[in-house]
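Below is one structure, written out as structure tokens; comments come after it.
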Amino acid sequence: MLTLRFGNSGLVVRVLQRLLVSQGYRTRVDGNFGALTEVAVKAFQSQRQLKVDGIVGPITWEQLTN
């Protein structure tokens, strides 16, 4: 998967947002990686004891999809 961060947009961001929502995190599913999505990503990373940087790279993707 692509590395995603604040400011990205598109279908893959919608996939990310749906994954976050399915795991109980609050964000809009609009395809825009804005502040709300960044907060959700950081909360997810913190809960999973990952590096909390708001960037969705290979490790965060792996945790989201397992």
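Just so you know, all these numbers are worked out from the coordinates, no wet-lab data involved. Given the structure is predicted, the values throughout are model-derived calculations rather than measurements.
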- Message: I'd like the Karplus ³J(HN,Hα) series for region 52-62: coefficients 6.51, -1.76, 1.60, θ = phi - 60°, whole numbers in Hz, and an x wherever there's a Gly or Pro.
- Response: 8, 10, x, 9, 9, x, x, 5, 5, 4, 4
- Query: Going by alpha carbons, how many degrees (0 to 90, nearest 10) lie between the helix axis of 35-47 and the longest principal axis of the chain?
  - Reply: 20 degrees
- Most mobile of Arg26, Arg18, Arg48 per a Gaussian network model of the chain (Cα springs, under 10 Å)? Arg48
- Item | Alpha carbon convex hull of the chain, projected area averaged over orientations, nm² | 3.6 nm²
- Normalised by the residues of the chain, what does the relative contact order come to in percent, with Cα pairs under 8 Å and at least six apart? 37 percent
- Note on the structure: Residue span Ala35 to Glu62: 0.36 nm per residue of separation minus Cα-Cα distance leaves a gain in nm of 7.5 nm
